[in-house]
Amino acid sequence: MMFKAIIFDVDGTLSETEDLHRQAFNQAFDQNDLPWHWDRQLYRQLLKVSGGKERIRHFIEIHDSDRRVSKDLDGFIRDLHAAKTAIYTRMVADGEAKLRPGVMSLIDQSLHDGIRLAIATTTSLPNVEALLQATYGEEGMHRFEVICAGDVVEQKKPAPDIYLLALEKLGLPAADCVAIEDSRNGLLSAHQAGIATVITPSIYTDDQDFSEAALVTSSLNDVDFPALYTAIARTSR
Ligand code: XBP
Ligand code: MG
């Protein structure tokens with residue numbers, strides 16, 4: 001049984017983008033005269049919270065509790081996150097994000113083989129558009145029949161909502177799909193949606209538990225396409 005669709009995560013999976021996100025957060029903090037700096041060690045911890053706005057709120061609760069009581073905290077977080085997204089999309093448009101090894105050939109091979117493609121990501125839609133435009137050009141967005149991103153769902157990863165929405169839009173059962181992810185949050189999200197998942201750990205997730213994965217590989221370059229089918233078919237029986 002060949003699967004009919006591949007559902008890709010974005011950050012850490014299509015591209016090693018999380019350190020760019022971290023730099024964009026820090027530039028937005030500087031722009032807004034905030035005494036915050038997220039170094040790599042702290043960001044690895046903060047990444048356990050999916051969603052940039054949710055991550056900022058979590059950081060405030062733990063590291064800047066006085067601000068928690070400021071008026072219109074939601075508006076403050078929303079505006080700060082919008083500033084960060086503007087910085088991040090400019091970095092991506094300037095070519096600072098490249099696709100991970102094997103991603104482009106897997107996407108092209110899938111399209112050649114009639115496998116449908118989708119995206120299920122916690123990141124904001126402008127970030128997805130910027131990455132696909134920068135790496136694939138105009139037709140980048142059109143390679144993916146379904147794109148589910150960011151706030152289209154209330155509950156972000158590890159909740160299954162974003163993958164359930166992708167399945168609904170594809171009109172396919174979970175058994176006909178495979179997810180490709182880089183993080184435990186993403187794995188739990190896809191797994192709870194009933195989707196067999198291939199993991200390619202990224203720089204911020206290489207120490208995470210991927211027990212539920214159908215396959216863990218250092219890069220999509222190392223997995224030949226039939227082997228990917230076999231591994232998924234074996235687990236999805
Ligand atoms: C990873 C995330 C996102 C990014 C930051 O998304 O959790 O929040 O870290 O992007 P993915 P935003 O599901 O693609 O791994 O600031 O736009 O949330
Ligand atoms: Mg990810």
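Read-outs throughout are calculated quantities, based only on the coordinates presented, and are distinct from any laboratory measurement. Note that the structure is a prediction, hence the values are computed from the model and not measured. Note: ideal-geometry Cβ built from the backbone for every residue, glycine included; neighbour counts use all protein chains shown.
Overview of values
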item	result
Selected from Asp113, Asp176, Asp19 as most flexible by GNM, with the chain as the system and alpha-carbon contacts under 10 Å	Asp113
Rounded tilt (10° steps) of 52-63 against the dominant C-alpha axis of the chain	50
Above-threshold pairs, the threshold being 28 Å between Cα atoms, out of Lys53/Lys169; Lys4/Lys84; Lys71/Lys156	Lys4/Lys84
Of Ser65, Ser50, Ser183, the one that fluctuates the most in a GNM where the chain has Cα springs shorter than 10 Å	Ser65
Between helix 161-170 and the chain: long-axis angle, C-alpha atoms, 0 to 90°, nearest 10	40
Simple Cβ-charge dipole of the chain, Lys/Arg +1 and Asp/Glu -1, about Cα centre, in debye nearest 20	360
Selected from Tyr43, Asn26, Leu80, residue furthest toward positive end of dipole (region 18-93; charges at beta carbon)	Tyr43
Acute angle (nearest 10 degrees) that the helix 18-31 long axis makes with the longest principal axis of the chain, alpha-carbon atoms	20
Gyration tensor over alpha-carbon atoms, region 40-165, equivalent ellipsoid semi-axes in Å	31, 16, 13
Relative exposure of Thr123, Thr89, Thr13, judged by other C-beta atoms within 10 Å (fewest first)	Thr89, Thr123, Thr13
Size of charge dipole - region 18-93 - debye, nearest 20, with Cβ of Lys, Arg +1 and Asp, Glu -1, no other charges	220
Semi-axes of the equivalent ellipsoid for the chain, Cα gyration tensor, largest first, Å	31, 18, 16
Distance in nm between pseudo-label sites at Thr230 and Glu96 (7 Å out along the Cβ direction from Cα)	4.2
Selection of GluC sites (Glu not before Pro), region 146-205, meeting DSSP coil and at most 14 other Cβ within 10 Å	Glu154
Prolate/oblate/rounded call for region 18-93, Cα gyration tensor, a/c under 1.5 rounded	oblate
